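Q: This is the structure, below, for whatever I ask next.
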Amino acid sequence: MGSFRFKFLKREYEIKTFYFLLTIILLAVALRIYHLDYQSLWHDEFHSMLETDPDLPFDEMMDHCKNDQPPAHFLMLRYWLKVFGYSSYNGRLLSVVIGLLGVLAMFFLGKEFKNETTGLLCAFITSANYFHILYSQEARFYILVFLFSTLSYLYFLKSTRNQRLINYIGYVLTTVGLLYTHYFGLVVFLSQAIIFVAVFFYKKYTRTFFVWSMAAAISVVILISPWIPIFVHDNATSAFWILPLDKTFLLGCIYDYFNNHVLYKVFGLLFLYFLIKLMWRVCAGEEKDIVGFIVLFGWVLLGFMIPIIYSYVKMPMLICRYTMIVVPGVILCLALAIETINNRQIRTAFLIFILMTSIGGLFVNGYYTKIRNEQYREAALKVIQENKDNSIVFSYDGWFFNYYFKVNHIGYKVIKPWETDYKDELRKNKKVWVLYAPTWEPLDKELEIQNFKVKNDYRFESVRVVLYAK
């Protein structure tokens with residue numbers, strides 16, 4: 001009878017966990033689908049969309065990857081667009097799907113680290129997190145970095161606790177996926193090597209653990225070897241577009257994860273309390289999962305320290321979105337900190353506060369309604385609407401506008417002034433459109449010389465559309 005009751009209670013608990021997790025996933029869906037395509041594509045998203053155009057030769061896409069990031073996300077996006085259609089909405093929709101998988105992965109990470117309650121807290125925080133929502137609505141690879149970083153460390157942690165073959169296979173596949181997604185996967189792989197040495201000597205694992213771990217690491221290196229020459233070539237670069245780090249980078253970056261002063265301060269104080277309590281437990285010999293915390297703090301600290309040191313020693317290579325590799329670890333720390341609130345009513349009230357503050361901040365700060373990106377789409381649509389006689393169109397940044405001309409099935413393309421004899425083109429035409437993003441002064445001077453006058457002038461965010469006529 002007792003055994004039956006235990007199984008019944010366990011089954012009831014699992015059902016409650018399932019419904020809690022389902023509610024969290026539905027919340028995550030709503031926060032990511034809403035106004036998904038409200039913003040025009042921005043500069044980096046154009047790189048993703050243009051290079052994954054299903055009509056583009058495959059080799060051309062792969063050549064682009066050698067100058068941008070490894071090809072995993074580009075391959076996924078190319079075939080996704082081939083199936084669901086070539087549009088900015090569908091490009092961003094793939095990121096939504098990956099983001100939802102990231103929320104689910106956070107549940108399993110928290111569950112593995114401690115228990116299902118931790119898993120639910122991880123998923124809950126992730127679902128309403130500004131940083132995660134932002135990159136779940138962007139047609140770039142950062143949200144895939146989040147997913148693979150989470151899964152890589154999930155299987156890394158599993159392998160320290162249970163030397164089953166499936167854990168090592170999972171680690172190899174997810175780490176290789178991360179390395180083929182972004183070069184900061186190398187930071188994760190190096191961090192894990194350092195953490196492995198620390199936990200191996202701390203716990204004095206068996207020879208089996210060492211052999212299986214070495215086999216997994218060697219497998220990762222073998223599977224990533226086709227891209228190693230690209231890694232080496234890029235590492236030889238002596239200059240990069242990223243600016244040197246300032247003294248406030250780290251704090252500013254952590255603030256960007258929440259984009260909310262209240263959450264930033266509250267989470268900071270709660271995490272400080274959690275660290276003090278953890279140190280007390282360790283000193284008192286009450287904390288049993290030392291290996292787990294070596295993995296967690298190694299993940300976060302090394303994930304920040306390695307690129308920061310590299311940025312100072314060799315060249316700047318760090319901007320906030322590149323730290324996506326540590327965001328899952330930061331969220332796990334916050335979930336563990338919330339669990340230190342023993343009073344259930346206070347904890348529930350705190351979670352409601354987090355939810356209301358997170359979602360309220362998104363709307364109050366205008367995340368869904370304020371124009372953040374350059375309005376290339378709106379400018380292109382204005383030209384499509386007004387240019388009934390197919391007059392010539394000039395722009396310095398023609399590739400931005402040509403994307404929107406193509407997806408709207410417009411026959412003409414923007415002409416880039418330096419790719420043609422623009423003076424001759426102006427002599428042959430009585431009307432020309434110029435899309436300024438930014439201005440192209442030599443063309444302005446020639447327009448004036450040939451007696452063109454402004455007929456219509458339309459202003460958008462960081463973009464100007466002008467119709468000139470003689």
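The values are calculated or read from the model by the stated rules, or taken from the named source; none is laboratory data. Computed from a prediction, not measured in an experiment: that's the story for all the values here. Here the Cβ positions follow ideal geometry from the backbone for every residue, glycine too, while neighbour counts run over all protein chains shown.
Q: Looking at the structure I just gave you, is G366 at positive phi and of a type outside the set (S, T, N, Q)?
A: Values: at positive phi: yes; of a type outside the set (S, T, N, Q): yes.
Judged against the criteria, G366 is a match.
Q: Quick check on L245: is it more than 30 Å from K66 (Cα to Cα) and either touching a helix residue (DSSP H, G or I) at 6+ places or on another chain (Cβ under 7 Å) or modelled with pLDDT of 90 or more (or both)?
A: So L245 does not fit the description; no.
Q: Show me the helices (runs of 4 or more DSSP H) entirely contained within region 107-191 in which 3 or more residues are among the small types (G, A, S).
A: On the way: elements: 116-127, 130-136, 142-161, 165-179.
Because the criterion is at least 3 residues that are among the small types (G, A, S), the helices (runs of 4 or more DSSP H) in region 107-191 that meet it are 116-127, 142-161.
Q: I would also like to ask the following. Going through region 250-298 one residue at a time, which ones are surrounded by fewer than 18 Cβ atoms within 10 Å (Cβ to Cβ) and over 25 Å from L157 (Cα atoms)?
A: Residues satisfying the conditions are L250, L251, G252, Y255, D256, H261, V262, Y264, K265, V266, G268, L269.
Q: Does region 343-361 include one or more residues that are touching a Lys or Arg at 6+ places or on another chain (Cβ under 6 Å) and more than 24 Å from G102 (Cα to Cα)? Full working, then the answer.
A: In the first step, residues of region 343-361 are kept if they are touching a Lys or Arg at 6+ places or on another chain (Cβ under 6 Å); the result is none.
No - not one qualifying residue is present in region 343-361.
Q: Among the candidates R78, R92, which residue alone is closer than 17 Å to Y142 by Cα, crowded, with 18+ Cβ neighbours inside 10 Å and free of Cβ contacts under 8 Å to residues at least 40 places away in the same chain?
A: On the way: R92 fails: free of Cβ contacts under 8 Å to residues at least 40 places away in the same chain.
That would be R78, the only listed residue that is closer than 17 Å to Y142 by Cα, crowded, with 18+ Cβ neighbours inside 10 Å and free of Cβ contacts under 8 Å to residues at least 40 places away in the same chain.
Q: Condition check: surrounded by fewer than 19 Cβ atoms within 10 Å (Cβ to Cβ), under 23 Å from the mean Cα position of the chain (by Cα) and in contact (Cβ under 8 Å) with a residue 40 or more places away in the chain. Does I354 satisfy that?
A: Working: surrounded by fewer than 19 Cβ atoms within 10 Å (Cβ to Cβ): no; under 23 Å from the mean Cα position of the chain (by Cα): yes; in contact (Cβ under 8 Å) with a residue 40 or more places away in the chain: yes.
For I354, the condition - surrounded by fewer than 19 Cβ atoms within 10 Å (Cβ to Cβ), under 23 Å from the mean Cα position of the chain (by Cα) and in contact (Cβ under 8 Å) with a residue 40 or more places away in the chain - is not met.
Q: Oh, and also: Going by what's in this entry, would D63 be described as at pLDDT below 95 and either in contact with a helix residue (DSSP H, G or I) (Cβ under 8 Å, 6 or more places away or on another chain) or not assigned by TED's automatic domain parsing to the domain that holds F401 (or both)? Spell out the reasoning first.
A: Values: at pLDDT below 95: yes; either in contact with a helix residue (DSSP H, G or I) (Cβ under 8 Å, 6 or more places away or on another chain) or not assigned by TED's automatic domain parsing to the domain that holds F401 (or both): yes.
Considered against the rule, which asks whether it is at pLDDT below 95 and either in contact with a helix residue (DSSP H, G or I) (Cβ under 8 Å, 6 or more places away or on another chain) or not assigned by TED's automatic domain parsing to the domain that holds F401 (or both), D63 comes out as yes.
Q: Return a yes/no flag: does region 54-63 have any residue that is farther than 30 Å from I290 by Cα, buried (at least 18 other Cβ atoms within 10 Å of the Cβ) and more than 14 Å from the chain's Cα centre (by Cα). Let's see the steps before the verdict.
A: Taking region 54-63 and keeping what is farther than 30 Å from I290 by Cα, we get 54-63.
Restricting the remaining residues to those that are buried (at least 18 other Cβ atoms within 10 Å of the Cβ) gives 61.
Next cut, more than 14 Å from the chain's Cα centre (by Cα) only: 61.
Yes, that holds for at least one residue.
Q: Confirm whether Y202 is of a type in the set (F, W, Y) and surrounded by fewer than 13 Cβ atoms within 10 Å (Cβ to Cβ). Show your work before the answer.
A: Details: of a type in the set (F, W, Y): yes; surrounded by fewer than 13 Cβ atoms within 10 Å (Cβ to Cβ): yes.
Yes, satisfied.
Q: Does A216 satisfy being assigned by TED's automatic domain parsing to the domain that holds I98, of a type outside the set (S, T, N, Q) and under 30 Å from F107 (Cβ atoms)?
A: Values: assigned by TED's automatic domain parsing to the domain that holds I98: yes; of a type outside the set (S, T, N, Q): yes; under 30 Å from F107 (Cβ atoms): yes.
Yes, satisfied.
Q: For S219, state whether it is touching a Phe, Trp or Tyr at 6+ places or on another chain (Cβ under 7 Å) and at negative phi.
A: Working: touching a Phe, Trp or Tyr at 6+ places or on another chain (Cβ under 7 Å): no; at negative phi: yes.
Here the answer is no, as S219 does not meet what is asked.
Q: Sticking with this structure for a sec: Within region 218-326, considering only helices (runs of 4 or more DSSP H) that don't extend past its boundaries, which have at least 3 residues that are among the β-branched types (V, I, T) and closer than 30 Å to K203 by Cβ?
A: On the way: elements: 228-235, 249-258, 261-283, 290-313.
Hits in region 218-326: 290-313.
Q: Quick one: would you say T340 is surrounded by fewer than 17 Cβ atoms within 10 Å (Cβ to Cβ) and assigned by TED's automatic domain parsing to the domain that holds L270? Lay out the reasoning, then the answer.
A: Numbers: surrounded by fewer than 17 Cβ atoms within 10 Å (Cβ to Cβ): yes; assigned by TED's automatic domain parsing to the domain that holds L270: yes.
For T340, the condition - surrounded by fewer than 17 Cβ atoms within 10 Å (Cβ to Cβ) and assigned by TED's automatic domain parsing to the domain that holds L270 - is met.
Q: Out of the residues in region 152-179 that are surrounded by fewer than 24 Cβ atoms within 10 Å (Cβ to Cβ) and aliphatic (A, V, I, L, M), which is farthest from A123 (Cα to Cα)?
A: That would be L165.
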